[in-house]
Amino acid sequence: MLDTYGGFCLAIHGGAGTVPVAALKGAAAEAYHAALRTALKAGWTVLNQGGPAVDAVAAAVVELENDALFNAARGAVFTSAGQLEMDAAIMNGADRAAGALAGICGPKNPILAARAVMEKSGTVFMIGTAAEAFLRTENIQFMPTDYFVTPRRLEALHLELTRRAAGMPDTRSDADRHGTVGAVARDAAGNVAAGTSTGGMTAKRPGRVGDTPVIGAGTFADNATCAVSTTGTGEVFIRFTAAADIAARIRYAGQNLEQAAGDVIAELSAHGGDGGLIAVGATGAPVLPFNSSGMYRGFVGVDGVLSTAIHREAFRQVCQ
Ligand code: ASP
C-alpha cells in the first residue's frame, strides 16, 4: 500500500508499549489516534512549507512529548528509585550531525534539548546534571518535576515494585512496562532526519540508558541510506545496533528499506528484542514494522492524508 509514496513524508511512533487491544476501545483509542494526528500535522506543516526534515521531526516529537499519553517528557515512566531520567536524540541525515542526552529531567522538550546539544555544544552526547546546566545556558525551557509526573506512571511504578517485592512473575502489559516517541522525515529537498525521546522502562535501574539516545541503536539518519527511530527493549536494540544495521544492509548488501527493516526486526525478535521502528529512505514510502502486540504509529505524505494505527488493524485515514 505504501510503496507508491513519493515526495516529502513523515512517519511517527508513540512507542511499542501499547494498551492491550481489549482494553483500548472507543474514546480511549480515539484519544491516541487524535494525539498521533496532532503530531503528524505539526510535522507535515513544516514539510509542506518546504521546511527541513530535522525541523519536521522536532515539531512532531514536541507534540508527542507534550501529550501525557506517551512515555516521553510529560508522562514519562519512573526509575525504581522513583526518579525521572529521560533520554532523547536527534540526527540530521544531510550532514550526519547528531545530538543526544541521557538521564536528564527538567527540559520541557528533551528533543529540543538534544537539538541544542547537536547545534551548540560542540559534542554529540551529554548526560545528567552537567547536561542540564549546559541546557540552562541555551534558552531551553525547563519545567518543575511535577509537570512530568502523572498518576498512571506512579501507579505503574508502585505495581512493579510491589510485584518485585513479592517475587511474583511479570504479567504486566506492554503499556505498563515501556514506551517511547519518535519521528522520521524526508523533506522536499530529499534530506532525511530522525528524532526519538523516552522515559525508558518502568522501574528501570537508576542510571540505566536505553537505545533511544544511542546513535545507531535507537536513532540514526543519513541521506545516503535512511532515517530510523526505534522503540522496544532497549538493551537488545543497543546490542544489535538496530538502526545502523538497517543503514548498513542498504549500503553494503543492496537491500531496500523494507527488506532491511524487516530483517532487523526479525533478528531482534530472535534475540528477545520486543518492539518496532519507523524508517524512511531517500525515496519511496516510510516503513513501520514491529513484532510487539502493537505500536502507536502514523504517517503522512504530500497529499496530507493522516494515517494512524495502534495494533494490527488497518490504518485509519483522515484528510486534513
Ligand atoms: N526503547 C526504550 C528504552 O529502552 C523503551 C521503549 O521504547 O519502550 O528505553
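Report yes if some residue within the stretch 56-69 is in contact with a strand residue (DSSP E or B) (Cβ under 6 Å, 6 or more places away or on another chain), more than 23 Å from residue 297 (Cβ to Cβ) and in a helix (DSSP H, G or I); otherwise report no.
No, the stretch 56-69 has no match at all.
For the stretch 268-285, enumerate the residues that are in a helix (DSSP H, G or I) and away from the ligand (no atom under 16 Å from the Cβ).
270
Which one of 76, 81 is within 13 Å of the ligand (Cβ to nearest atom) and either in contact with a Cys (Cβ under 9 Å, 6 or more places away or on another chain) or at pLDDT 95 or above (or both)?
76
Listed here are the residues, each with its yes/no results for (1) farther than 25 Å from residue 175 by Cβ; (2) surrounded by fewer than 22 Cβ atoms within 10 Å (Cβ to Cβ).
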site	(1), (2)
14	no, no
35	no, no
39	no, no
49	yes, yes
53	yes, no
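Within the stretch 175-212, take every residue that is crowded, with 21+ Cβ neighbours inside 10 Å and in a helix (DSSP H, G or I) and give me the one that is farthest from the chain's Cα centre (by Cα).
Going through the qualifying residues, I end up with 176.
Among (1) assigned to a strand (DSSP E or B); (2) buried (at least 16 other Cβ atoms within 10 Å of the Cβ); (3) more than 15 Å from the chain's Cα centre (by Cα), where does residue 317 come up short?
(2)
Kindly establish whether residue 115 is basic (Lys, Arg) and in contact with an Asp or Glu (Cβ under 8 Å, 6 or more places away or on another chain).
So residue 115 fails the test.
Only one of 73, 89 is within 14 Å of the chain's Cα centre (by Cα), buried (at least 16 other Cβ atoms within 10 Å of the Cβ) and outside any loop (DSSP other than H, G, I, E, B). Can you tell me which?
So the residue among 73, 89 that is within 14 Å of the chain's Cα centre (by Cα), buried (at least 16 other Cβ atoms within 10 Å of the Cβ) and outside any loop (DSSP other than H, G, I, E, B) is 89.
Could you please find all residues in the stretch 111-136 being within 24 Å of residue 183 (Cβ to Cβ), among the aliphatic types (A, V, I, L, M) and assigned to a helix (DSSP H, G or I)?
Answer for the stretch 111-136, where residues must be within 24 Å of residue 183 (Cβ to Cβ), among the aliphatic types (A, V, I, L, M) and assigned to a helix (DSSP H, G or I): 111, 112, 113, 114, 116, 117, 118, 131, 135.
Among (1) more than 28 Å from residue 10 (Cβ to Cβ); (2) touching a residue at least 60 places away in the same chain (Cβ under 8 Å); (3) surrounded by 16 or more Cβ atoms within 10 Å (Cβ to Cβ), which single condition is residue 154 missing?
Going through the list (1) more than 28 Å from residue 10 (Cβ to Cβ); (2) touching a residue at least 60 places away in the same chain (Cβ under 8 Å); (3) surrounded by 16 or more Cβ atoms within 10 Å (Cβ to Cβ), residue 154 breaks only (3).
Quick one: residue 18 ticks every box in (1) under 16 Å from the mean Cα position of the chain (by Cα); (2) under 19 Å from residue 102 (Cβ atoms); (3) β-branched (Val, Ile, Thr) except a single one, so which number is it?
Only one criterion is unmet by residue 18, namely (2).
Restricting attention to the stretch 181-212, which residues are within 16 Å of the ligand (Cβ to nearest atom) and on the phi > 0 side of the Ramachandran plot?
The answer is 200, 203, 207.
So, of the residues in the stretch 213-230 that are surrounded by fewer than 24 Cβ atoms within 10 Å (Cβ to Cβ) and of a type in the set (Gly, Ala, Ser), which turns out to be farthest from the ligand (Cβ to nearest atom)?
It comes out as 224.
Might you check whether a residue that is farther than 26 Å from residue 118 by Cβ and hydroxyl-bearing (Ser, Thr, Tyr) occurs anywhere in the stretch 208-230?
Scanning the stretch 208-230 turns up no residue that is farther than 26 Å from residue 118 by Cβ and hydroxyl-bearing (Ser, Thr, Tyr).
What single numbered condition from (1) closer than 24 Å to residue 91 by Cα; (2) modelled with pLDDT of 95 or more fails to hold for residue 283?
In the conditions (1) closer than 24 Å to residue 91 by Cα; (2) modelled with pLDDT of 95 or more, residue 283 misses (2) alone.
Just need a number here: residues in the stretch 231-260 that are over 19 Å from residue 204 (Cβ atoms), in contact with a helix residue (DSSP H, G or I) (Cβ under 7 Å, 6 or more places away or on another chain) and within 16 Å of the ligand (Cβ to nearest atom).
Within the stretch 231-260, residues that are over 19 Å from residue 204 (Cβ atoms), in contact with a helix residue (DSSP H, G or I) (Cβ under 7 Å, 6 or more places away or on another chain) and within 16 Å of the ligand (Cβ to nearest atom) number 3.
The values are calculated or read from the model by the stated rules, or taken from the named source; none is laboratory data. Quick caveat, the model's predicted, so the values are computed rather than measured. FYI the Cβ positions are ideal-geometry reconstructions off the backbone, even for glycines, and counts take in every protein chain you see.
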